[in-house]
Amino acid sequence: MPQRNNIYFFYKKEPELTSRVDKLIEAARNINYNVVEDASEANIICSIGGDGTFLQAVRKTGFRDDCLYAGISALDRLSFYCDFKLDDISSIINAMDNEEVEVRRYPTIEVTIDDHASFLCLNECSVRSGIIKTFVMDVYIDDFHFETFRGDGMLVSTPTGSTAYNKSVDGAIVDPLLSCMQVSEIASLNNNHYRTLGSSFLLSGDRRLTLKVVQDGNDYPTIGIDNEALSIRHIHDLHIRLSDRKIKTIKLKDNSFWHKVQRTFL
Ligand code: NAD
């Protein structure tokens, strides 16, 4: 892989993990990979840890679409974004050296808050009440007022995020080959006065979702973008759409998204 030989390792610099990563760095150098200290110089960014570390690796390196990301699990098991195990260095090196890998592309969503700050998400954006009080939002699909939500909050997930928080609130699992986003409720209030759809729904990549936070005093929700909370306090509108940016990840040939779903949940 001569054109892809600048590699950056993203991991928590803890002593125990660092000594294990050092072995991988040495093995990568032995097959002529150039290990770089600056992620912007890398063609391959390797996250070492768990799914949360992978989400951070993508976020902290700017959701690059001109490089490949690889997830290496520091535990003894694979996970959704980690296709390799740190303790199985020979198969990582073998896969890299013999190009036994394929590239898959994961859709991301873009969240714009009050028409200025924009953020990308690989798993989901969640909007939840910051206090113990029902939280109200008007939900628009494009310019159409679809419903008024009352409850704990809502989350909008990507296809790869569909197996994460979204699954815990009974959302559907979505094949990442489908470019779409899923909108799911978190504990909606449904009775003779208040009504929401009550189920998750998928929006095509051409649609835009707008959540207008009703300014009734409970208008400083907790906004989560993957595993980070935003520090923006007072919010009016969130616009969410599928981004043009796709994250390219390296996978082993016999390890599709549906293999992961089976090995994790069945
Ligand atoms: P982490 O690595 O500790 O992840 C927590 C758990 O979520 C792990 O078991 C991980 O494997 C799993 N996970 C993360 N992304 C996944 C995905 N796309 N598909 C399947 N499983 C996935 O790191 P973290 O920082 O705690 O992870 C952040 C994620 O945790 C958030 O993006 C959100 O999706 C999820 N989350 C879930 C709930 C819930 O299920 N009630 C609540 C908050 C956050």
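Condition (residue is buried (at least 19 other Cβ atoms within 10 Å of the Cβ) and aliphatic (A, V, I, L, M)) applied to the range 140-148: is it met by at least one residue?
no
Look through Leu209, Leu230 and report the one residue that is touching a Lys or Arg at 6+ places or on another chain (Cβ under 8 Å), more than 13 Å from the ligand (Cβ to nearest atom) and either open to solvent by less than 30 Å² (accessible area, probe 1.4 Å) or of a type in the set (A, V, I, L, M, F, W, C) (or both).
Residue meeting the stated conditions: Leu209.
Which residues, counting only those in the range 80-120, are open to solvent by 20 Å² or more (accessible area, probe 1.4 Å), under 27 Å from Leu203 (Cβ atoms) and outside any strand (DSSP E or B)?
Applying the first criterion (open to solvent by 20 Å² or more (accessible area, probe 1.4 Å)) to the range 80-120 yields 80, 85, 87-91, 93-94, 96-105, 110, 112, 114-120.
Filter once more, keeping what is under 27 Å from Leu203 (Cβ atoms): 80, 103-105, 110, 112, 114-120.
Selection gives Phe80, Asp114, Asp115, His116.
Of all residues in the range 19-33, which are without any contact (Cβ under 8 Å) to a residue 60 or more places away in the chain and more than 17 Å from Asn98 (Cα to Cα)?
Ser19, Asp22, Ile25, Glu26 - these are the residues of the range 19-33 that are without any contact (Cβ under 8 Å) to a residue 60 or more places away in the chain and more than 17 Å from Asn98 (Cα to Cα).
In the range 213-225, what count of residues is obtained for those that are out of contact with any Phe, Trp or Tyr (no Cβ under 7 Å at 6 or more places or on another chain) and either at pLDDT below 90 or open to solvent by 20 Å² or more (accessible area, probe 1.4 Å) (or both)?
Here the count works out to 7.
For the structure I just gave you, tell me whether Val156 is of a type in the set (Val, Ile, Thr) and part of a strand (DSSP E or B).
yes
Consider Arg77 carefully, then state whether it is more than 18 Å from the chain's Cα centre (by Cα), within 14 Å of the ligand (Cβ to nearest atom) and open to solvent by 30 Å² or more (accessible area, probe 1.4 Å).
yes
Just give me the residues in the range 233-266 being within 15 Å of the ligand (Cβ to nearest atom) and within 15 Å of Phe84 (Cβ to Cβ), in sequence order.
Thr249, Lys251, Asn255, His259, Lys260, Arg263
Does Glu14 satisfy the condition of being in the same structural domain as Cys82 (by TED's automatic domain parsing) and in contact (Cβ under 8 Å) with a residue 12 or more places away in the chain?
Judged against the criteria, Glu14 is not a match.
Of Asp97, Asp65, Asp38, Asp88, which residue is among the acidic types (Asp, Glu), more than 16 Å from the ligand (Cβ to nearest atom) and within 19 Å of the chain's Cα centre (by Cα)?
That would be Asp65, the only listed residue that is among the acidic types (Asp, Glu), more than 16 Å from the ligand (Cβ to nearest atom) and within 19 Å of the chain's Cα centre (by Cα).
The values are calculated or read from the model by the stated rules, or taken from the named source; none is laboratory data. Worth saying up front: this structure is predicted, and the values here are computed from it rather than measured. Don't worry about glycine lacking a Cβ; one is built from the backbone with ideal geometry, like all the others, and counts go over all protein chains shown. Remember, those area values only see protein heavy atoms, side chains included, never the ligands or the DNA or RNA. Shrake-Rupley method; radii C 1.70, N 1.55, O 1.52, S 1.80 Å.
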